[in-house]
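What follows is one structure encoded as C-alpha cells, with my remarks underneath.
The values are calculated or read from the model by the stated rules, or taken from the named source; none is laboratory data. None of the values given here were measured: they were computed from a predicted structure. Please note: Cβ atoms are built from the backbone with ideal geometry, for glycine as well, and neighbour counts cover all protein chains shown. Note: accessible area is taken over every heavy atom of the protein model, side chains too, but ligands, DNA and RNA are not part of it. Shrake-Rupley method; radii C 1.70, N 1.55, O 1.52, S 1.80 Å.
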Amino acid sequence: LPLSAIVLTFNKESTIEACLRSLHGWVGAIIVVDSGSTDGTLDIARRYTDQIFSHPFEHYAAQRNWAQALPAVRHDWVLHVDSDEQVTPELRAALENFFASGMDAGVDGLLIARRTVFLGRWIRHGGLYPVYHLRVLRRGKGRCEDRLYDQHFVTTGVTRQITGDLIDTVTTSLDAWTLGHVRWAGMEAAQVQSPAAPGTGGDSMIVHARLRGTPIEQRRWLRTSVYYRLPPFWRALGYFLYRYFVRLGFLDGTQGLIFHVLQGFWYRFYVDARLWEMHHPEGNTRQ
C-alpha cells in the first residue's frame with residue numbers, strides 16, 4: 001500500500017515483534033525511530049526493516065513530528081503505530097479496501113479505534129472501547145499537536161472513521177505500568193498548569209475542545225470543560241465510580257478491577273497531587 005508505517009521505540013523487546021509482524025508484508029515501508037534502547041529492541045527491529053533511525057526523546061509530539069519529516073517517509077500516506085500496538089487483520093483489510101476502492105480521494109486522515117489490553121485482557125467497558133484516534137494521515141497534511149500529554153494528530157482536511165482496531169497492549173507488568181504513569185502524571189500536571197508553554201500546546205495546530213466535534217474534540221472538551229473544573233481529588237473518585245459502575249467497568253473481571261482502579265482513580269488522583277505540589281512548594285521543605 002502507499003503507506004509508510006512509523007514505529008516509535010524505546011526498550012520494547014517484549015512487544016515490538018508483534019507490532020512489526022502485524023505490519024510486515026503489506027505496508028509500503030516500516031520506519032523505526034528509536035530513542036536509545038539498551039535491550040534487544042533493535043535486534044528484533046532489524047529482522048523486519050533496515051529503515052531504523054535514532055533520535056533523543058524530548059516528548060511524544062516532538063518525536064512523532066521529527067519522524068514524520070524524515071526523507072525515508074516517501075509514501076503518500078503515513079500510519080503512526082506505537083511499539084506496543086498491533087494492527088488487527090480487520091484493520092489491514094479495511095485499509096487495503098480504502099486504497100483499492102479509491103475512497104482516499106478527498107480524505108486527509110483516518111480515525112481508528114484503539115483496543116486496550118491490560119495484563120492479557122481486553123478492557124471493553126468503562127468507556128474504553130471504542131475510543132478513536134487519528135493515526136493515518138496524508139503526508140504533508142497533518143502533524144502531532146505540540147503537547148506534553150494527551151497529544152493527538154491533527155489535520156485541516158477531511159477525516160473518516162475506518163473499521164478495524166489497533167490493539168494497544170498497555171502493559172505486560174504492573175511495575176512497568178506504574179513507573180510509566182508516574183512520569184506521565186508529571187507531564188499532564190505540567191500541561192494543565194501551563195497549557196500554552198513550549199512543549200505543552202503552544203502550537204497553532206491543535207485539537208479544539210468541541211462538544212459537537214469529532215470524537216477526539218469531544219474528549220478534549222470533556223477533559224478541559226468538565227473534568228478539570230471539578231474539585232481536585234474528588235474528581236478522581238467520581239471519575240472512577242462513573243467508569244466502574246455507570247460505564248460497567250466491573251464487567252472486565254479481575255484485570256478490569258485492577259486497571260480501572262489504577263488508571264481511573266490512582267493515576268487521576270496522583271495528577272491532582274502533582275498539581276497540589278506545584279502550588280504548595282513549601283510543603284517540600286517543611287520538617
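Which of (1) open to solvent by less than 40 Å² (accessible area, probe 1.4 Å); (2) within 15 Å of LEU1 (Cα to Cα); (3) hydrophobic (A, V, I, L, M, F, W, C) is the odd one out, the single condition MET103 does not satisfy?
Just one mismatch for MET103, condition (1).
Does ALA45 satisfy being of a type in the set (A, V, I, L, M) and open to solvent by 10 Å² or more (accessible area, probe 1.4 Å)?
Here the answer is no, as ALA45 does not meet what is asked.
Quick one: which strands (runs of 3 or more DSSP E) lie wholly within the range 5-113 and hold at least 3 residues that are in contact with a Gly (Cβ under 9 Å, 6 or more places away or on another chain) and over 30 Å from ALA190 (Cβ atoms)?
Passing ranges: none, list empty.
Could you please give the count of residues in the range 164-177 that are surrounded by 13 or more Cβ atoms within 10 Å (Cβ to Cβ), out of contact with any Gly (no Cβ under 8 Å at 6 or more places or on another chain) and at pLDDT below 95?
Within the range 164-177, residues that are surrounded by 13 or more Cβ atoms within 10 Å (Cβ to Cβ), out of contact with any Gly (no Cβ under 8 Å at 6 or more places or on another chain) and at pLDDT below 95 number 5.
Taking the range 241-266, which residues are at positive phi and not small (Gly, Ala, Ser)?
Of everything in the range 241-266, just one residue is at positive phi and not small (Gly, Ala, Ser), namely LEU248.
If I filter the range 222-240 for residues that are within 19 Å of the chain's Cα centre (by Cα), open to solvent by 20 Å² or more (accessible area, probe 1.4 Å) and of a type outside the set (A, V, I, L, M, F, W, C), do I get at least one hit?
Within the range 222-240, one or more residues are within 19 Å of the chain's Cα centre (by Cα), open to solvent by 20 Å² or more (accessible area, probe 1.4 Å) and of a type outside the set (A, V, I, L, M, F, W, C).
Within the range 131-143, is there a residue that is buried (at least 21 other Cβ atoms within 10 Å of the Cβ), out of contact with any Gly (no Cβ under 9 Å at 6 or more places or on another chain) and not acidic (Asp, Glu)?
No, that holds for no residue.
Applying the selection to the range 9-21, what residues are touching a helix residue (DSSP H, G or I) at 6+ places or on another chain (Cβ under 9 Å) and buried (at least 21 other Cβ atoms within 10 Å of the Cβ)?
Those that are touching a helix residue (DSSP H, G or I) at 6+ places or on another chain (Cβ under 9 Å) and buried (at least 21 other Cβ atoms within 10 Å of the Cβ): THR9, LYS12, ILE16, LEU20.
Considering only residues that are more than 20 Å from ARG135 (Cα to Cα) and either crowded, with 19+ Cβ neighbours inside 10 Å or charged (D, E, K, R) (or both), which ones fall in the range 48-70?
Once the filter is applied, which keeps residues that are more than 20 Å from ARG135 (Cα to Cα) and either crowded, with 19+ Cβ neighbours inside 10 Å or charged (D, E, K, R) (or both), the range 48-70 yields TYR48, ASP50, GLU58.
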